[in-house]
Amino acid sequence: MSDAFTVLWTHDTCRALRKAGRVGERPPVAFSGVHSSLPAWTGARAGDEVYALHVNRREVFVVSQLRVIDMERRDCCGVAPATWEDPAYPGHGDWSMLGAGGCGAMAVHVDATPVRFDVALSGDLLARLAWRNRRGQTRGLKHLVEGRLESSVSLQGFYRLTPEAAGELAEVVGSSAP
């Protein structure tokens, strides 16, 4: 059975996506890291869903739904760097803003929906979203006031959704397909 996760894409990441003209395109790759500069996609396996979220003006948006294909370096990644000055993933330069230059970055090949910034999550849905840890404990979204997010701190990282929350996010993404 596959799992579903959320990952927060920062303002810098989303600004870079817009500036590079990636809105409407499907990312073939995302990046995981071992350092706090990148979220570690710990626990994700092939077939798992990852919802890339963005917070803008206290609203939460689903930027893309990514299905993990694998977490291996492939030919499409380009030549591995020979020195620290070489790009880590020259084959994915168009998507480097997703973390290719992060400390210890690892490529995560994905099948993704197009990048977009118009799929807002309702306040009611935000109140129902829940994540579960490895011990089975669940938690909801913190800092939610009248359906709007006051602080994104509880979204920062890579977190496993409950099956119910994953189903609701899948429904939102499916019903908003362009």
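Here are a few things to note about the model shown:
- GNM on the chain, alpha-carbon springs under 10 angstrom: the most fluctuating residue among SER151, SER64, SER36 is SER36.
- Contact order for the chain, expressed relative to its length and based on alpha carbon pairs under 8 Å spaced 6+ residues apart, stands at 29 percent.
- In this rough spin-label picture, where each label sits 7 Å from Cα along the Cβ direction, the ALA16-THR42 distance is 2.3 nm.
- Potential lengthening between TRP84 and GLU25 on full extension [0.36 nm per residue; Cα-Cα distance subtracted]: 18.3 nm
- Between segment 6-28 and segment 67-130, the alpha-carbon center distance in angstrom: 10
- Largest mean-square fluctuation among GLY104, GLY123, GLY21, in a Gaussian network model of the chain whose springs join Cα atoms under 10 Å apart, belongs to GLY21.
- P(r) weight above 22 Å for the chain, C-alpha pairs, percent: 43
- Residue-averaged [θ]222 nm for the chain, counting only DSSP H segments that reach four residues, each worth -39500 (n - 2.57): -4500 deg cm²/dmol
Coordinate-derived values only; no laboratory data. The model shown is predicted, which means the values in this text are computed figures rather than measured ones. With ideal geometry, Cβ positions are generated from the backbone for all residues, glycine too; neighbour counts draw on all protein chains shown.
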